[in-house]
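Computed from the coordinates by the stated procedures, all read-outs in this text should not be read as laboratory data. Values in this document were obtained by computation on a predicted structure and should not be read as measured data. Cβ placement follows ideal geometry from the backbone for every residue including glycine, while neighbour counts extend to all protein chains displayed.
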Amino acid sequence: MKNPTLLEEIKYFIREYRKWWLIPLISVFVIFGLLVALAQFAPVVSPFIYTLF
């Protein structure tokens, strides 16, 4: 039997247990993570990102 990936497990959990409120929460965490990664790896962009917070 194939082991499910993390994304497949999250999709299954949200669908099976009807936890639809998790979708916006996970989306916000992903967006913030991408912003932090962008600020760390692109120093030219970081002053503009820090003004958002």
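Go through the range 15-29 and give me each residue that's charged (D, E, K, R) and surrounded by 10 or more Cβ atoms within 10 Å (Cβ to Cβ). Spell out how you get there, then give the answer.
Step one: list which residues in the range 15-29 are charged (D, E, K, R), which gives 15-16, 18-19.
Answer for the range 15-29, where residues must be charged (D, E, K, R) and surrounded by 10 or more Cβ atoms within 10 Å (Cβ to Cβ): R15, K19.
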Would you tally the residues in the range 1-14 being surrounded by 10 or more Cβ atoms within 10 Å (Cβ to Cβ) and outside any loop (DSSP other than H, G, I, E, B)? 7
Across the range 23-53, what is the total count of residues that are free of Cβ contacts under 8 Å to residues at least 12 places away in the same chain and either assigned to a helix (DSSP H, G or I) or under 17 Å from the mean Cα position of the chain (by Cα) (or both)? 21
